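A.B. asks: Structure provided below as structure tokens; questions to follow.
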Amino acid sequence: MNSLTKRLNPDRLLQNLVKVVPIVKPMEAGESTGNSSPPAVKPFGKVDKFLVCTLLFSYFFCVFTWVSPEGPCKDALLYFIKPIAEATSICQSWSVFSPETRNSNYHETALIYFQDGSVKLYEFPRMEKLDYLTRFRREKYRKMFCDCMPWAPYTQFQSDFARYVARANTCPFNEPIMVTLVHNWRLMPPADPNHWVNRSNLPEHTNQTPYHVYYVQPEDMR
Amino acid sequence: MNFSDLAKAINHFLFAPKSPLPMALVRICVGLILLQDTLVHLLPDFKFYYGDNAIIPIESTICKYWFNEPYFDIMLLLPPGDTWKFAFFIVFVLAAVCMTFGLFSRTSMIVGFLCLLSFDSHLELNQNDGDVFLRLTAMILCFSNAGDALSLDNVFRARKAKQQPAPSGYVLSAPWAQRWLQLQVAFVYWHAFVCKIAGFSWISGMACYNSSRYEDCMRFPLPIVFDNLFTIHCLSWGTLVIELFLWTLIWFKQFRYWVLLGGIALHLGIEFTMNLPMFEWIVLSTYFAFVEPEDLSKFANIIRSYFSKLHFHLPGKARLPGPQSSLNTRPT
């Protein structure tokens, strides 16, 4: 009896209720609150709804067109869509690591040729050689030098990269005269259970492919 | 289902008033990620990317990349000189701070988005998928009711009106921007999934072998998992399954949280093994848009009751089901 009284103690019940964690249900429009004031609801008119529907339809129409397969229909639509998509930067593609994953590892270097005939090797930042914190902070280097510089559609910027490297290596009496960008790569070892290569033991990038030669102009060094 | 039913369903989906709580959480996360982007990734190399002697001068970008297409870049309107660009950068950081705290929410979200758009257009080459998704989320936030909850604006509004907030806590409004964000997230997974199944390496279950061996993207070592054929198969196919569910089953309430849990595991796994800052966190932060406001309130109450047990006082109070608010609460 004593224990029952304890259990039915209102204070204790209230404490337990707090522990049960009551849920506040957000109210839907028009739902009664039981309180004097109904929930405040921002009005939304028919014109607003029409504008929103038009906006969403236009947005997803642009986005789906952007990622649709190449063809005359897409070309015709892109003629109208491209300016809008680029001005608002809604162009997007989420095909990272697909359809096939990359099967090589690589890094970029530059050979800088000077007036006196000497050559200097410059290695663009390699993420795997940076410490964790620097790797995290300087991830944009990877995007710029690994993902963009050697590949289309950014090949037109290779002269700018080479020019920057030349400027960064200027000497008063021995100016750089030529810069060559080199792609250093190695195919990943195949996933062969008999000759398995661990993730931590990948081979060096021993193949080299020069892909851009830039002749330094006198105005580049100003 | 006839046209009228469809119109009603769309009307309910986009415009039935909802709590702004999920979008407010997205806003806070996006604000924090914008601060990470600006202060951690851009600030140390600001002149290298955006200065007058940047690695890719803006003139090159205009003539070699923009061609005659319209791009949005406020920095082109600034007077020449790094100082002005840096002042613009400061505005960007302030907008991100205000966005996080919900101060001048709408304005800060619009300013933040326009600044982000300008920096992205100014130099396209340092943008990864995280930047693209951040930009899209920031754009959608500009149209949202994200400033109506968990914001200083809300506090000031309540003080000004000298009244308690509405019984539900927040002003309800049409959640169309939240739906837009949900559709955008589903679109991301749809496209990722469709692109992956077109490739042999994903179907054969070997994709994670190569992708885990990108030296430029490696973060922490994870032995055994990526050095074992069985786990590599499981991870490759598991990725496909989770991505499939994240644009299909996620729309069904009974599966939603399990699917989101799978998505969280996927992105945290990538975050641990691959050095792709921002992308995983910005995607994970948009998951708040899929959480029902009542579940968020439930979670907040659990946290509150937990802390109240520890004798900490958190802002707000747990609402008890009682005579005054019995119809406003739904105990489990």
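A.B. asks: Taking the solvent-accessible surface of protein heavy atoms with a 1.4 Å probe, what is the per residue accessible area of segment B:17-174 in Å²? Don't skip to the end; give the middle numbers.
C.D. replies: On the way: 6140 Å² over 158 residues.
I get 39 Å² per residue for this part.
A.B. asks: Per residue of segment A:185-198, what does 6.51 cos²θ - 1.76 cosθ + 1.60 with θ = phi - 60° give for ³J(HN,Hα)? Whole Hz please, x for Gly and Pro, Karplus curve as stated.
C.D. replies: Listing the rounded values in order: 8, 7, 5, 6, x, x, 7, 9, x, 7, 10, 6, 10, 5 Hz.
A.B. asks: Only sites in a loop by DSSP and with at most 14 other Cβ atoms within 10 Å count here; which chymotrypsin sites (Phe, Trp or Tyr not before Pro) in segment B:206-309 make the cut?
C.D. replies: Values: sites: B:Tyr209, B:Tyr214, B:Phe226, B:Phe230, B:Trp237, B:Phe245, B:Trp247, B:Trp251, B:Phe252, B:Phe255, B:Tyr257, B:Trp258, B:Phe272, B:Phe279, B:Trp281, B:Tyr287, B:Phe288, B:Phe290, B:Phe299, B:Tyr306, B:Phe307; in loops: B:Tyr214, B:Trp247, B:Phe252.
The qualifying sites are B:Phe252.
A.B. asks: Counting only other residues whose beta carbon sits under 12 Å from that of B:Ser204, what net charge do I get with K and R as +1, D and E as -1?
C.D. replies: Numbers: positive: B:Lys196; negative: A:Glu100.
With Lys, Arg at +1 and Asp, Glu at -1, the net is 0.
A.B. asks: Per residue, how many Å² of accessible area does segment B:177-299 show with a 1.4 Å probe?
C.D. replies: Values: 4780 Å² over 123 residues.
Accessible area per residue, segment B:177-299: 39 Å².
A.B. asks: Eight or more residues apart or on different chains, and alpha-carbon atoms under 27 Å: count the Lys pairs in chain B matching that.
C.D. replies: Number of lysine pairs found: 17.
A.B. asks: What does the charge add up to near B:Thr273, with Lys and Arg as +1, Asp and Glu as -1, over the other residues with Cβ less than 10 Å from its Cβ? If you can, show how the numbers build up before the last one.
C.D. replies: Working: positive: A:Arg199, B:Arg219; negative: B:Glu271.
Neighbour charge sum, excluding B:Thr273 itself: +1.
A.B. asks: Let me ask something else about it. How many angstrom separate the Cα center of segment B:97-136 from the Cα center of segment A:135-160?
C.D. replies: Taking the Cα centre of each part, segment B:97-136 and segment A:135-160 sit 21 Å apart.
A.B. asks: Anyone know which of B:Thr231, B:Thr100, B:Thr239 comes out most mobile in the 10 Å Cα GNM of chain B?
C.D. replies: Comparing B:Thr231, B:Thr100, B:Thr239 in a Gaussian network model of chain B, the most mobile one is B:Thr231.
A.B. asks: Summing both sides, how much accessible area is buried between B and A? Use a 1.4 Å probe and give Å² to the nearest 100.
C.D. replies: On the way: alone 19510 and 17950 Å², together 27740 Å².
In total, this chain pair buries about 9700 Å².
A.B. asks: Another one. Which GluC sites (Glu not before Pro) in segment A:128-217 pass both tests, a DSSP loop state and at most 16 other beta-carbon atoms within 10 Å?
C.D. replies: Values: sites: A:Glu128, A:Glu139, A:Glu204; in loops: A:Glu204.
The qualifying sites are A:Glu204.
A.B. asks: Taking N as the number of residues in segment A:46-88, what is its Cα Rg relative to 2.2 N^0.38 Å? Let's see the in-between values first.
C.D. replies: Values: Rg = 12.0 Å, N = 43, 2.2 N^0.38 = 9.2 Å.
Normalised Cα radius of gyration, segment A:46-88: 1.31.
A.B. asks: Then there is this: Out of the chymotrypsin sites (Phe, Trp or Tyr not before Pro) in segment A:127-168, which ones are loop residues according to DSSP with at most 15 other C-beta atoms within 10 Å? Walk me through the numbers before you get to the answer.
C.D. replies: Working: sites: A:Tyr132, A:Phe136, A:Tyr141, A:Phe145, A:Trp151, A:Tyr154, A:Phe157, A:Phe161, A:Tyr164; in loops: A:Trp151, A:Tyr154.
Qualifying residues, ordered by number: A:Trp151.
A.B. asks: Given only helices, namely DSSP H runs of n ≥ 4 each adding -39500 (n - 2.57), what is the per-residue ellipticity at 222 nm of chain B, to the nearest 500 deg cm²/dmol?
C.D. replies: Numbers: 15 runs with 193 residues, N = 332.
Rounded to the nearest 500, the figure is -18500 deg cm²/dmol.
A.B. asks: Considering only the other residues whose Cβ falls under 14 Å of the Cβ of A:Arg142, what net charge follows from Lys and Arg at +1 and Asp and Glu at -1? List each step's numbers first, then the result.
C.D. replies: On the way: positive: A:Arg102, A:Arg126, A:Lys129, A:Arg135, A:Arg137, A:Arg138, A:Lys140, A:Lys143, B:Arg219; negative: A:Glu108, A:Glu123, A:Glu128, A:Glu139, A:Asp147, B:Asp45, B:Asp129, B:Asp131, B:Glu215, B:Asp216.
Local charge sum for A:Arg142: -1.
A.B. asks: Roughly what would the spin-label model give for A:Val96 and B:Asn11, points 7 Å off Cα along C-beta, in nm?
C.D. replies: Rounded to a tenth, the inter-label distance reads 4.1 nm.
A.B. asks: Using the Kyte-Doolittle scale, which helices in chain B average at least -1.0 and also have C-alpha atoms spread 30 Å or more along the helix axis, with helices defined as whole DSSP H runs? Don't skip to the end; give the middle numbers.
C.D. replies: Values: long enough: B:176-197 (31 Å, 0.55); B:253-273 (31 Å, 0.62).
Within chain B the helices that satisfy the rule are B:176-197, B:253-273.
A.B. asks: Still on this structure: Name the shape class, rounded, prolate or oblate, that the alpha-carbon gyration tensor gives for segment A:80-221, where a ≥ b ≥ c are the square roots of its eigenvalues, rounded holds for a/c under 1.5, and otherwise prolate holds if a/b is larger than b/c and oblate otherwise. Walk me through the numbers before you get to the answer.
C.D. replies: Values: a/c = 2.12, a/b = 1.20, b/c = 1.76.
In terms of gyration-tensor shape, oblate.
A.B. asks: Sequence-distant or interchain residues sharing an amide H contact under 5 Å with B:Met218, placed H: which?
C.D. replies: Hits under the 5 Å cutoff: B:Asn275.
A.B. asks: For A:Val197 and A:Glu128, compute 0.36 nm times the residue count separating them, minus their Cα-Cα distance, and round to one decimal in nm. List each step's numbers first, then the result.
C.D. replies: Values: separation 69, 0.36 × 69 = 24.84 nm, distance 1.74 nm.
Result for the pair: 23.1 nm of gain on full extension.
A.B. asks: What residues have an amide H closer than 5 Å to that of A:Met178, excluding those fewer than 5 places away on the same chain, when H is modeled at 1.01 Å from N in the peptide plane?
C.D. replies: For A:Met178, the qualifying residues are A:Tyr113, A:Val216.
A.B. asks: Express in whole angstrom the spacing between the alpha-carbon centres of segment A:166-198 and segment B:189-267.
C.D. replies: Taking the Cα centre of each part, segment A:166-198 and segment B:189-267 sit 31 Å apart.
A.B. asks: What full-extension length gain, to one decimal in nm, is calculated for B:Met75 and B:Leu94 as 0.36 nm per residue of separation minus the Cα-Cα distance?
C.D. replies: Numbers: separation 19, 0.36 × 19 = 6.84 nm, distance 1.66 nm.
Once the chain is fully extended between B:Met75 and B:Leu94, it gains 5.2 nm.
A.B. asks: Compute a Gaussian network model of chain B, connecting alpha carbons closer than 10 Å, and tell me which residue from B:Val291, B:Val194, B:Val30 fluctuates the most.
C.D. replies: Among B:Val291, B:Val194, B:Val30, the largest GNM mean-square fluctuation belongs to B:Val194.
A.B. asks: Next up: What residue among B:Pro20, B:Pro44, B:Pro175 shows peak mean-square fluctuation when chain B is described by a Gaussian network model with Cα springs under 10 Å?
C.D. replies: Comparing B:Pro20, B:Pro44, B:Pro175 in a Gaussian network model of chain B, the most mobile one is B:Pro44.
A.B. asks: Here's something else I'd like to know. Which shape class applies to chain B: rounded if a/c is under 1.5, otherwise prolate when a/b exceeds b/c and oblate if not, where a ≥ b ≥ c are the square roots of the Cα gyration tensor eigenvalues? The partial results should precede the final answer.
C.D. replies: Details: a/c = 1.71, a/b = 1.17, b/c = 1.46.
The shape class here is oblate.
A.B. asks: Can I ask one more? Between B:Asp295 and B:Asp52, what is the spin-label point distance in nm, taking each point 7 Å from the Cα along the Cα→C-beta axis?
C.D. replies: My value for the distance between the label points is 5.5 nm.
A.B. asks: At a 1.4 Å probe, what is the % contribution of carbon and sulfur to the accessible area of the protein assembly as shown?
C.D. replies: Numbers: 18460 of 27740 Å².
Accessible surface attributable to carbon and sulfur in the protein assembly as shown totals 67 percent.
A.B. asks: Just the accessible area for B:His12, please: 1.4 Å probe, Å², rounded to the nearest 10?
C.D. replies: The accessible area comes out at roughly 120 Å².
The values are calculated or read from the model by the stated rules, or taken from the named source; none is laboratory data. No experiment lies behind these values; they were computed from the predicted model shown. Positions of Cβ are generated from backbone atoms using ideal geometry, with glycine treated the same way; all protein chains shown enter the neighbour counts. What goes into the accessible areas is simple: the full protein's heavy atoms, side chains included, and nothing from ligands, DNA or RNA. Shrake-Rupley method; radii C 1.70, N 1.55, O 1.52, S 1.80 Å.
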